[in-house]
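Student: Pasting a structure here, questions to come.
The values are calculated or read from the model by the stated rules, or taken from the named source; none is laboratory data. Just so we're clear, the structure is a prediction, and the values are computed from it rather than from any experiment. Glycine gets a Cβ as well: all are built from the backbone with ideal geometry, and neighbour counts include every protein chain shown.
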Amino acid sequence: MSMPTIRHIRALTIRGGGADYHDQGSGHWIDDHIATPMARYPEYRQSRQSFGINVLGTLVIEIEASDGTVGFAVTTGGEIGAFIVERHLARFIEGQLATDIEKMWDQMYYATLYYGRKGVVLNAISGVDLALWDLLGKIRQEPVHQLLGGKVREELQFYATGARPDLAKEMGFIGGKLPLQHGPAEQEDGLHRNLEKLAEMRSRVGPDFWLMYDCWMSLDLPYATKLAHRAQEFGLKWIEECLPPDDYWGYAQLRRNVPRDMLVTTGEHEATRWGFRMLLEMECCDIIQPDVGWCGGITELLKISALADARGVLVIPHGSSVYSYHFVTTRHNSPFAEFLMMAPDADRIVPMFAPLLLDEPVPANGRMKVPDTPGFGVRLNPDVRTQRPYSR
């Protein structure tokens with residue numbers, strides 16, 4: 001059978017949940033007084049949506065092959081990402097063989113180098129790349145994990161990110177990652193409240209359950225160092241993304257500063273093999289956390305993972321649902337995965353990208369077998385209203 005070529009690519013947008021998981025209604029834990037780089041301004045401290053964390057919305061990429069097969073993927077990028085895909089990236093995709101993913105990635109990246117490299121441009125490239133892998137899996141009638149070389153483990157185990165690690169323990173997760181609520185602008189009182197919250201959760205979950213703090217780029221080096229040392233008595237397993245993503249020097253120093261048995265993790269907002277090479281060569285962290293929908297897609301994540309594997313550093317992707325599950329199940333240096341608790345009160349398990357995807361798998365008792373359905377194994381929900389703002 002001859003390999004189909006790509007006939008058409010479409011970029012769609014939606015609002016409310018989906019891949020832009022910060023785009024939630026009021027009262028959701030994910031927007032409730034979480035420390036951010038903008039928390040230095042009191043008017044932007046209570047809600048992350050107040051400074052625009054949800055302005056982009058979800059980007060959906062559909063790619064149709066000459067035999068009628070359609071692959072798709074979702075990421076964050078909204079209308080800006082849709083413009084980049086339709087008006088710039090499409091020329092490198094349409095007419096190509098569905099197998100030529102490496103070439104298409106290379107052309108998208110180098111063609112956008114003068115205004116891209118990271119951020120929304122890489123989100124858009126990532127979305128296209130994931131849709132290409134989904135398409136190829138459907139053409140070959142194989143799950144993406146098989147295209148990547150096959151599973152090295154039959155079952156994934158998860159930690160949960162959300163406001164209620166105590167409930168996550170009851171649901172069978174191996175650990176719980178809390179959002180840090182108070183940053184340097186709230187001084188010693190805020191630090192005390194962070195430690196109180198950690199102490200409360202440790203008393204609820206017992207001594208052996210993992211507890212971590214997600215600091216979302218909100219701290220400076222002195223505050224992060226102080227938090228790490230004062231959190232040591234409560235058994236904090238790791239301290240995550242404390243500093244701005246470009247402060248490689250700060251991360252390297254923080255890793256030297258923290259208690260010996262505490263891990264430093266970061267990489268959620270890093271992109272490409274070159275960004276992660278900096279983190280690895282400067283020994284900035286113990287675990288890297290690329291988001292496959294933001295770092296460059298599966299094609300780039302494979303390169304990032306190889307760099308980390310050569311240095312003995314774990315790769316635990318940030319969120320990203322099925323798009324990371326198919327990767328994690330094929331890699332020895334990705335021994336567990338993250339699950340974002342997207343119920344408003346973090347008190348029950350719901351699909352991470354609901355309501356956007358159908359057949360999206362969720363953990364049961366903290367574990368999951370990645371489905372063997374072709375592609376990434378999910379469908380776009382036809383009841384979700386999409387728009388195509390830049391049709392050609």
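Student: Does at least one position in the stretch 238-252 carry a residue that is more than 20 Å from HIS318 (Cβ to Cβ) and of a type in the set (A, V, I, L, M)?
Tutor: Yes: the stretch 238-252 contains one or more residues that are more than 20 Å from HIS318 (Cβ to Cβ) and of a type in the set (A, V, I, L, M).
Student: Conditions first: (1) part of a loop (DSSP other than H, G, I, E, B); (2) buried (at least 20 other Cβ atoms within 10 Å of the Cβ); (3) touching a His at 6+ places or on another chain (Cβ under 7 Å). PHE173 passes all but one, so which condition is the exception?
Tutor: The single condition PHE173 does not satisfy is (3).
Student: Take the stretch 254-265 and flag every residue that is of a type outside the set (A, V, I, L, M), assigned to a helix (DSSP H, G or I) and under 23 Å from the mean Cα position of the chain (by Cα).
Tutor: The one that is of a type outside the set (A, V, I, L, M), assigned to a helix (DSSP H, G or I) and under 23 Å from the mean Cα position of the chain (by Cα): ARG255.
Student: Continuing with this model, one more query. Quickly run through the stretch 32-63 and pick out the residues that are touching a Lys or Arg at 6+ places or on another chain (Cβ under 6 Å) and either modelled with pLDDT under 95 or within 25 Å of GLY127 (Cα to Cα) (or both).
Tutor: GLY57, GLU62, listed by residue number.
Student: Another question about this same structure. Is it the case that the stretch 353-367 has a residue that's polar (S, T, N, Q) and crowded, with 17+ Cβ neighbours inside 10 Å?
Tutor: No, there is no match, as no residue in the stretch 353-367 is polar (S, T, N, Q) and crowded, with 17+ Cβ neighbours inside 10 Å.
Student: Looking only at the stretch 355-383, which residues are under 22 Å from LEU132 (Cα atoms) and of a type in the set (A, V, I, L, M, F, W, C)?
Tutor: Result: LEU356, LEU357, LEU358, VAL370, PHE376, VAL378, LEU380.
Student: Out of VAL328, VAL315, I need the residue that is in contact (Cβ under 8 Å) with a residue 40 or more places away in the chain, buried (at least 23 other Cβ atoms within 10 Å of the Cβ), out of contact with any Phe, Trp or Tyr (no Cβ under 6 Å at 6 or more places or on another chain) and in the same structural domain as THR225 (by TED's automatic domain parsing). Which one?
Tutor: VAL328
Student: Can you say whether GLU142 is out of contact with any Cys (no Cβ under 6 Å at 6 or more places or on another chain), at pLDDT below 95, over 26 Å from HIS28 (Cβ atoms) and not hydroxyl-bearing (Ser, Thr, Tyr), as far as the supplied structure shows?
Tutor: Criteria not met by GLU142.
Student: Now for a separate question. Does the stretch 383-392 hold any residues that are exposed (fewer than 15 other Cβ atoms within 10 Å of the Cβ) and within 19 Å of SER321 (Cβ to Cβ), and which are they?
Tutor: ASP383
Student: Can you tell me which residue is nearest to ILE30 (Cα to Cα) among those in the stretch 85-104 that are in contact (Cβ under 8 Å) with a residue 60 or more places away in the chain and in contact with a helix residue (DSSP H, G or I) (Cβ under 7 Å, 6 or more places away or on another chain)?
Tutor: VAL85
Student: Quick check on the stretch 105-121. Is at least one of its residues closer than 19 Å to ARG379 by Cβ, among the acidic types (Asp, Glu) and modelled with pLDDT of 95 or more?
Tutor: For the stretch 105-121, residues closer than 19 Å to ARG379 by Cβ, among the acidic types (Asp, Glu) and modelled with pLDDT of 95 or more: absent.
Student: Return the residues of the stretch 300-321 that are not in a helix (DSSP H, G or I) and not small (Gly, Ala, Ser); say none if nothing qualifies.
Tutor: Selection gives ARG311, VAL313, LEU314, VAL315, ILE316, PRO317, HIS318.
Student: Still on this model: I'd like the full set of residues that are in contact with a Phe, Trp or Tyr (Cβ under 7 Å, 6 or more places away or on another chain) and of a type in the set (D, E, K, R), limited to the stretch 198-233.
Tutor: The answer is ARG202, and nothing else.
Student: Quick check on TYR251: is it modelled with pLDDT of 95 or more, closer than 23 Å to HIS22 by Cα and either assigned to a loop (DSSP other than H, G, I, E, B) or touching a Leu at 6+ places or on another chain (Cβ under 8 Å) (or both)?
Tutor: In short, no.
Student: Counting just the residues of the stretch 100-126 that are part of a loop (DSSP other than H, G, I, E, B) and aromatic (Phe, Trp, Tyr), which one comes out farthest from GLY77 (Cα to Cα)?
Tutor: TYR114
Student: Next up: Give me the residue from the stretch 181-215 that is part of a helix (DSSP H, G or I) and acidic (Asp, Glu) and, out of that set, nearest to LEU243 (Cα to Cα).
Tutor: GLU186
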